[in-house]
Amino acid sequence: MTDCQSNLGPQRVREYLRSVGVDALVTEMPTTTRTAKEAAKVIGCSVAQIAKSINFRAAQSGRPVLVIASGANRVNEHRMSELIGEQIEKATPDFVQESTGFQIGGVPPVGHCNPIETWIDRDLLQFETIWAAAGTPFAVFSIRPDQLQSITAGKIQSVT
């Protein structure tokens, strides 16, 4: 296990956010925030304000691709394949762990072990604040969409 992968969870997300100058509070919740619906209920926001991390694997090159989608949206894999320039497939739990250092259900949009091509759902831009996973199914943080785009270098696109 790499040093990055041994430092899992909210602490790594806190450290990353601090290192890029984003003052965001990482909060550990009393119940699970694994799905967008669960997270919205616990946080008290709309499902659309949840920035869910959907991990894909580019089928030919094998590179990881992260789509940060509004919790209200379903990612159109065909459209994303066209944008990326090759077919994508859902990433396996092992691939997600290896490429991000986090387990499915708590993958944050930042703080990954390796650089990841990132796409951000245009629908998230309509909100002043969005909420994302922070390393476990019980941890979240809030951030402005423009900050998220800045620190991930994510490409803004309609993902539906």
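Things worth noting here:
- Residue-level check: of (1) modelled with pLDDT under 95; (2) in contact with a helix residue (DSSP H, G or I) (Cβ under 6 Å, 6 or more places away or on another chain), residue 87 misses just (1).
- If only residues of segment 128-153 that are assigned to a strand (DSSP E or B) and among the aliphatic types (A, V, I, L, M) are counted, the one that is surrounded by the fewest Cβ atoms within 10 Å (Cβ to Cβ) is 139.
- Any chance residue 156 is touching a Lys or Arg at 6+ places or on another chain (Cβ under 6 Å) and assigned to a strand (DSSP E or B): yes
- Members of segment 90-106 found to be surrounded by 23 or more Cβ atoms within 10 Å (Cβ to Cβ) and either farther than 16 Å from residue 68 by Cβ or of a type in the set (Asp, Glu) (or both), listed by number: 101
- Scanning segment 24-53 for residues that are part of a loop (DSSP other than H, G, I, E, B), in contact (Cβ under 8 Å) with a residue 12 or more places away in the chain and farther than 14 Å from residue 137 by Cα returns 24, 25, 45, 46.
- Candidates are the residues of segment 69-80 that are assigned to a loop (DSSP other than H, G, I, E, B) and not aliphatic (A, V, I, L, M); the one that is farthest from residue 39 (Cα to Cα) is 76.
- Residue in segment 104-119 that is more than 12 Å from the chain's Cα centre (by Cα), modelled with pLDDT of 95 or more, closer than 28 Å to residue 30 by Cα and not small (Gly, Ala, Ser) present: no
- Condition met for residue 120 (assigned to a loop (DSSP other than H, G, I, E, B), in contact with a strand residue (DSSP E or B) (Cβ under 9 Å, 6 or more places away or on another chain) and in contact (Cβ under 8 Å) with a residue 12 or more places away in the chain): no
- Residue 21, sole failed condition from (1) crowded, with 17+ Cβ neighbours inside 10 Å; (2) free of Cβ contacts under 8 Å to residues at least 12 places away in the same chain; (3) part of a loop (DSSP other than H, G, I, E, B): (1)
- Residue satisfying condition, being of a type in the set (A, V, I, L, M, F, W, C), surrounded by 18 or more Cβ atoms within 10 Å (Cβ to Cβ) and not in a loop (DSSP other than H, G, I, E, B), within set 83, 66: 66
- Here residue 111 clears all of (1) surrounded by 21 or more Cβ atoms within 10 Å (Cβ to Cβ); (2) under 14 Å from residue 39 (Cβ atoms); (3) out of contact with any strand residue (DSSP E or B) (no Cβ under 9 Å at 6 or more places or on another chain) except the condition numbered (2).
- Only one of 95, 56 that is over 14 Å from residue 154 (Cα atoms), assigned to a helix (DSSP H, G or I) and either touching a strand residue (DSSP E or B) at 6+ places or on another chain (Cβ under 7 Å) or polar (S, T, N, Q) (or both): 95
The values are calculated or read from the model by the stated rules, or taken from the named source; none is laboratory data. Please read these numbers as outputs of a predicted model, since none were measured by experiment. Backbone-built Cβ (ideal geometry, glycine too); neighbour counts: all protein chains shown.
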